[in-house]
1. Quick one: is Ala177 surrounded by fewer than 22 Cβ atoms within 10 Å (Cβ to Cβ) and under 24 Å from Ile95 (Cα atoms)?
2. I'd like the residue in segment 15-54 that is β-branched (Val, Ile, Thr) and in a strand (DSSP E or B) and, out of all such residues, is surrounded by the fewest Cβ atoms within 10 Å (Cβ to Cβ).
3. Considering only segment 236-245, how many residues are in contact with a Ser or Thr (Cβ under 6 Å, 6 or more places away or on another chain) and away from the ligand (no atom under 13 Å from the Cβ)?
4. Considering only residues that are near the ligand (Cβ under 6 Å from one of its atoms) and crowded, with 22+ Cβ neighbours inside 10 Å, look in segment 203-227 and name the one that is nearest to Gly105 (Cα to Cα).
5. On the given criteria, is Asn233 open to solvent by 10 Å² or more (accessible area, probe 1.4 Å), of a type in the set (S, T, N, Q), within 16 Å of the ligand (Cβ to nearest atom) and closer than 20 Å to Ala119 by Cβ?
6. Which pairs do you get when a residue that is of a type in the set (Asp, Glu), found in segment 165-194, comes within reach of a residue that is open to solvent by 10 Å² or more (accessible area, probe 1.4 Å) and not in a loop (DSSP other than H, G, I, E, B), reach meaning Cβ atoms under 6 angstrom, with the pair 6+ apart or on two chains?
7. Any residue at all in segment 83-95 that's open to solvent by 50 Å² or more (accessible area, probe 1.4 Å) and assigned to a helix (DSSP H, G or I)?
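The values are calculated or read from the model by the stated rules, or taken from the named source; none is laboratory data. Only a predicted model underlies this, so the values are computations on that prediction, with no experimental measurement involved. Here the Cβ positions follow ideal geometry from the backbone for every residue, glycine too, while neighbour counts run over all protein chains shown. Just so you know, the surface numbers come from the protein's heavy atoms only, side chains and all, with ligands and any DNA or RNA stripped out. Shrake-Rupley method; radii C 1.70, N 1.55, O 1.52, S 1.80 Å.
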Amino acid sequence: MFTILKKQELAPSVKLFVVQAPLIARKCQPGQFVILRIDENGERIPLTIADFDRAAGTITLIFQEVGHTTRQLGRLSAGDALLDLAGPLGKATHIEKFGTVVCVGGGIGVAPVYPIARAYKEAGNKVISIIGARNADLLILEQEMAAISDVLYITTDDGSKGRKGLVIDPLKEMLAAGEKIDLVMAIGPVIMMKSVAEVTRPYGVHTIVSLNPIMVDGTGMCGGCRVSVGNKNKFACVDGPEFNAHEVDFDGLMARQKMYHSYERREHRCGGD
Ligand code: FES
């Protein structure tokens, strides 16, 4: 059993758990994820490891309550336990000293960006981070990102925190000003990752996106995370989750995601099964 040692509400419907999982904490690397089940009847859900403490034997998971299982997960408290936790899974982020790395996190995507940005910083890179949300209440991990970034930009759609606008705005300005950027890493909603890819493409700046937000069961079997990358079919959970943003067919991906929307709306209305 994997005991929840700490629970924290980061934003409305965004929760953080610190979970006792010594074997995973010992091996995991930035960019990897776990699959959890709450109980024997529960569905499997993949969650990116948002932080880890090897000495304490804990990992940190951050999730948004968007469906039946994540709402059920959100009702657990410190002292409760998860039935299973499999991992670490997925390919770890390639970390080395690139020079200047811009890390972009949108919404809940800031959670998986954080350990990656920290690892870039520890490898000697200059880290410029841009994090954003719809409004100030939904912004997460601001202090954590500030602590590991040389420069931190904050944007909100409504201007209630940081600059009013989108996360791509500071990136556009840096590129237009000729700032030397060696790598961009972006994680967030698919439309945001597509926008980042379009902003950096004309400048030829290598850009990586993590497609963990599109994973469903994380097993390679459901097909929910299928995506065309460089005209080849890939599965985010098995082949990724990170890919060259300039090779991802975002339009095809968004068209497929729309197919699930009516089902998800029904789930929300019914409050799950
Ligand atoms: Fe189901 Fe990848 S999440 S196949």
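1. For Ala177, the condition - surrounded by fewer than 22 Cβ atoms within 10 Å (Cβ to Cβ) and under 24 Å from Ile95 (Cα atoms) - is not met.
2. Looking at the filtered set, the residue picked out is Ile35.
3. The number of residues fulfilling the criteria is 2.
4. The extreme case among them is Met215.
5. no
6. These pairs meet every condition: Asp182/Thr100.
7. The answer is no; no qualifying residue exists.
Residue-by-condition table, conditions (1) open to solvent by less than 20 Å² (accessible area, probe 1.4 Å); (2) in the same structural domain as Val14 (by TED's automatic domain parsing); (3) of a type in the set (A, V, I, L, M):
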position	(1), (2), (3)
Gly106	yes, no, no
Glu122	no, no, no
Val127	yes, no, yes
Ile131	yes, no, yes
Val151	no, no, yes
Arg163	no, no, no
